[in-house]
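Accompanying notes for the structure given below.
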Ligand code: C2E
Ligand code: MG
Ligand code: MG
Ligand code: MG
């Protein structure tokens, strides 16, 4: 049986690979053009104070507005931009755009920007951030940089230097997707973050999964003990909200309060609260 279908299977597999390679090539060509033309848009998702239920911050989330394919997810094109050496110009644009937008909001609201590990290690990062702050007039303490555990894999010394330089600029640093990467509790000791974002995989299915609940509880206690605040990501239901609030999470982010919004809709969301 295996033999009979084998040939056909192989042929199908090869043609599929060809199609995939073609699709990828055309996506690469399009991405290059998109960076040149600026076919990107930032969406903004609110983070809400667990106690007061007020907006504390918005996270900037990048979208590629593709001329024929529509909105493309960052999960697809960020890795591509990293491989193609396009993440620096793209990341620069995100930082400038995000700071400019945030400067129009009430002063107690911050903006969170995701940094690729490649941006984090790039020597031009400090200049980019200083320029984004200077041209927008945004106070440095209103900018939060979200980095993932994978950004901290290289030599510890260098990472500490980068984090210290960032701190000297007066910006805040968050550990994103905490618990999904190469988490080592040692990170928390060596690099003092302002905030830990608990990955949504631990929040969702909290109801059915005692293990997730125990993990969230432990992260919140640990963070509080070393003076870091916590954000629960991916809160979608009233039950999840209730649980993470009771656990003492500082902030909530998720579809329960809002999906990522256009700048216009973010302003409407702000106006509804103020
Ligand atoms: P992230 O930084 O962990 O962002 C949170 C992701 O969770 C966002 O996906 C957001 O839309 C989604 N999310 C928020 N609330 C909920 C919820 O209640 N349920 C569910 N199912 N999902 C929720 P998005 O916008 O697709 O972004 C995916 C990832 O792409 C981000 O994960 C981040 O790692 C990366 N990314 C986005 N924008 C940028 C950027 O400007 N630069 C870089 N380097 N990476 C970015
Ligand atoms: Mg993030
Ligand atoms: Mg995250
Ligand atoms: Mg994520």
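The values are calculated or read from the model by the stated rules, or taken from the named source; none is laboratory data. None of these values were measured; they are calculated from a predicted model. Neighbour counts are summed over all protein chains in view; Cβ atoms, including those assigned to glycine, are modelled from backbone coordinates with ideal geometry.
Looking only at region 188-202, which residues are out of contact with any helix residue (DSSP H, G or I) (no Cβ under 6 Å at 6 or more places or on another chain) and in a helix (DSSP H, G or I)? Those that are out of contact with any helix residue (DSSP H, G or I) (no Cβ under 6 Å at 6 or more places or on another chain) and in a helix (DSSP H, G or I): 188, 189, 190, 200, 201. Here is a check on your reading of the model: is residue 213 farther than 27 Å from residue 60 by Cβ, modelled with pLDDT under 90, away from ligand 2 (no atom under 16 Å from the Cβ) and over 21 Å from the mean Cα position of the chain (by Cα)? So residue 213 passes the test.
Taking only region 178-198 into account, find how many residues are free of Cβ contacts under 8 Å to residues at least 40 places away in the same chain and surrounded by fewer than 21 Cβ atoms within 10 Å (Cβ to Cβ). Of the residues in region 178-198, 12 are free of Cβ contacts under 8 Å to residues at least 40 places away in the same chain and surrounded by fewer than 21 Cβ atoms within 10 Å (Cβ to Cβ). I'd like to check something: does region 86-94 contain any residue that is more than 9 Å from ligand 1 (Cβ to nearest atom), over 18 Å from residue 64 (Cβ atoms) and surrounded by fewer than 17 Cβ atoms within 10 Å (Cβ to Cβ)? Taking every residue of region 86-94 in turn, none turns out to be more than 9 Å from ligand 1 (Cβ to nearest atom), over 18 Å from residue 64 (Cβ atoms) and surrounded by fewer than 17 Cβ atoms within 10 Å (Cβ to Cβ).
Criterion first (assigned to a helix (DSSP H, G or I) and either within 16 Å of ligand 4 (Cβ to nearest atom) or without any contact (Cβ under 8 Å) to a residue 24 or more places away in the chain (or both)) does residue 266 satisfy it? Here the answer is no, as residue 266 does not meet what is asked.
Let's see how each residue does on (1) within 14 Å of ligand 1 (Cβ to nearest atom); (2) buried (at least 18 other Cβ atoms within 10 Å of the Cβ):
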{"site": "32", "(1), (2)": "no, no"}
{"site": "44", "(1), (2)": "yes, yes"}
{"site": "53", "(1), (2)": "no, no"}
{"site": "69", "(1), (2)": "no, no"}
{"site": "84", "(1), (2)": "yes, no"}
{"site": "97", "(1), (2)": "yes, yes"}
{"site": "108", "(1), (2)": "no, no"}
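Filtered by the rule that a residue be over 18 Å from the mean Cα position of the chain (by Cα) and either within 16 Å of ligand 3 (Cβ to nearest atom) or crowded, with 21+ Cβ neighbours inside 10 Å (or both), region 199-208 gives a lone residue, 206.
Please tell me if residue 128 is under 19 Å from the mean Cα position of the chain (by Cα), away from ligand 3 (no atom under 16 Å from the Cβ), over 30 Å from residue 54 (Cα atoms) and surrounded by 13 or more Cβ atoms within 10 Å (Cβ to Cβ). Taking the combined requirement at face value, the residue satisfies it. Inside region 142-180, residues that are away from ligand 3 (no atom under 16 Å from the Cβ), within 18 Å of the chain's Cα centre (by Cα) and assigned to a helix (DSSP H, G or I) make up a count of 3. Against the numbered list (1) over 18 Å from residue 56 (Cβ atoms); (2) more than 15 Å from ligand 1 (Cβ to nearest atom); (3) surrounded by 14 or more Cβ atoms within 10 Å (Cβ to Cβ); (4) under 19 Å from the mean Cα position of the chain (by Cα), residue 222 comes up short only at (4). Do we have any residue at all in region 94-107 that's modelled with pLDDT of 95 or more and within 16 Å of ligand 4 (Cβ to nearest atom)? Yes - at least one qualifying residue is present in region 94-107.
Looking across region 203-234, the residues that are within 14 Å of ligand 4 (Cβ to nearest atom) and either closer than 26 Å to residue 141 by Cα or part of a helix (DSSP H, G or I) (or both) come down to 203, 231, 232, 233, 234.
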